[in-house]
Ligand SMILES: [Zn+2]
């Protein structure tokens, strides 16, 4: 499944090959300004996500207690670099828990 992190890598690779954000935009079927915003960390909205083949944005549930709800599955938590709390990341690049860096959905 394509993720935003992978898409950003693909767009940056395309830019290093094409040397033009306009051409990158054409390649991915979006406006060049949108491509630039995405590689700079902007979260595309639902229509752009669909156009790019990205999955819809999910819902994040912040759990402040010590126990996870029944049925929760995870490969394991990460430790927040700011507060030291464990958290389950929604992207491979997230380094802060959802309390220190709230989800912007
Ligand atoms: Zn934190």
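Readers should treat all values here as calculations from the given coordinates under stated rules, not as data from a laboratory. Keep in mind that what you see is a predicted model, and the values were worked out from it rather than measured. Positions of Cβ are generated from backbone atoms using ideal geometry, with glycine treated the same way; all protein chains shown enter the neighbour counts.
For 15, 103, what ranking results if the residue with the fewest other Cβ atoms within 10 Å of its Cβ goes first?
103, 15
Who wins for biggest fluctuation among 76, 45, 53 in a Gaussian network model of the chain, springs between alpha carbons below 10 Å?
76
Which residue, 55, 77, 46, has the most motion in a Gaussian network model of the chain that connects Cα atoms within less than 10 Å?
77
Rank 75, 57, 26 by mean-square fluctuation in a GNM of the chain with C-alpha springs under 10 angstrom and give only the top-ranked residue.
75
Using just the helices of the chain, give the 222 nm mean residue ellipticity in deg cm²/dmol: DSSP H runs with n ≥ 4 each add -39,500 (n - 2.57), and the total is spread over all residues, rounded to 500.
Result for the chain: -10500 deg cm²/dmol, rounded to the nearest 500.
Tell me, what does the Kirkwood hydrodynamic radius of segment 4-52 come to in angstroms if you use every pair of distinct C-alpha atoms?
Here the Kirkwood hydrodynamic radius works out to 10.5 Å.
Regarding the chain, what are the three Cα extents along the principal axes, ordered largest first, in Å?
Largest first, the chain extends 49, 25, 21 Å along its Cα principal axes.
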